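The values are calculated or read from the model by the stated rules, or taken from the named source; none is laboratory data. Values in this document were obtained by computation on a predicted structure and should not be read as measured data. Cβ placement follows ideal geometry from the backbone for every residue including glycine, while neighbour counts extend to all protein chains displayed. We work out accessible area using only protein heavy atoms, side chains counted, and drop any ligands, DNA or RNA first. Shrake-Rupley method; radii C 1.70, N 1.55, O 1.52, S 1.80 Å.
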Amino acid sequence: LTSDGRGVYFISDRDSERAQLRYVDFYAGTTTLVAPDLEVEQFDVSADNRTLALSWNEFGYSRVALLDRPGAKLTTLSSLPPGVVDALRFDHAGARLAIELASSSGPRDVYVHELGSATSTRWTASQLGVFSAAQLIAPQTVRFPTWDRVDSGNHRMLTALLYRPRLGGPWPVVVMLADAGTGARPQLDPFVQYCVNELGVAVVIPDLRAGDVGALDMGALLAWLGAQPDLRRERVA
């Protein structure tokens, strides 16, 4: 609900295949798509209703931007580390934006973005426990062709997160399946880090589609893994 009580922002997939941010004006009885090209995951509205903070998934990683509503100008924040955003909150004055972010190679922390200076600062220092920062391995985002084609005639491409051990390969592979359709996200996972650091096993977390096509996507992923020279095609779990 906006601070003036005139309308409400919400995320919905109504009449669309993806979640989109919408604004309903109670007085005018209208619904407006906000940033229609983005599949928004988190958002917040400043107290003066002029600025929106948005985050969306781009190849597994969260992107954050500020949207100036009167001018419809979208400004992406480039000073944040790669990771996954879980929450966005403006302060009462609308001068600062707090961002809860789980880094791809670190624990969850809070960052604060100053709108005036366009700078972001890490405000918390979560502990790594048994890990050290030097041990942690960040994933690489890879793309692999699926079995079907898009309108242009080219193979549809899906993404996956690939964690490679530091020691030379070829390595055995563990494929970790998330819930179909939710997407692979590069958050710190102690089990993944154990596999890569202690067992010397590469870990792949693919972004597969839901339903029967997801099983065919899995076959396409196995074919792609078999073609990689640093991965052992005969040892995939």
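Computed quantities for the displayed model
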item	result
Residue in segment 119-141 that is under 16 Å from the mean Cα position of the chain (by Cα), closer than 26 Å to residue 191 by Cβ and part of a strand (DSSP E or B) present	yes
Of all residues making up segment 197-232, the number that are assigned to a helix (DSSP H, G or I) and touching a strand residue (DSSP E or B) at 6+ places or on another chain (Cβ under 9 Å)	12
Residue pairs meeting the criteria (Cβ under 6 Å; at least 6 apart or on separate chains; first open to solvent by 10 Å² or more (accessible area, probe 1.4 Å), in segment 46-62; second assigned to a strand (DSSP E or B) and not charged (D, E, K, R))	51/66; 56/40; 59/141; 59/159; 62/55; 62/84; 62/85
Single residue of 235, 185 found to be in contact (Cβ under 8 Å) with a residue 12 or more places away in the chain and not in a strand (DSSP E or B)	185
Check on residue 85, among the β-branched types (Val, Ile, Thr) and touching a residue at least 24 places away in the same chain (Cβ under 8 Å)	yes
Residue among 119, 124 that alone is of a type in the set (Ser, Thr, Tyr), more than 23 Å from residue 19 (Cβ to Cβ), in contact with an Asp or Glu (Cβ under 7 Å, 6 or more places away or on another chain) and open to solvent by 50 Å² or more (accessible area, probe 1.4 Å)	124
Unique residue being surrounded by 14 or more Cβ atoms within 10 Å (Cβ to Cβ), within 23 Å of residue 39 (Cβ to Cβ) and out of contact with any Pro (no Cβ under 6 Å at 6 or more places or on another chain) when the list is 161, 208	208
Selection within segment 127-158 - surrounded by 10 or more Cβ atoms within 10 Å (Cβ to Cβ), out of contact with any strand residue (DSSP E or B) (no Cβ under 7 Å at 6 or more places or on another chain) and not hydrophobic (A, V, I, L, M, F, W, C)	135
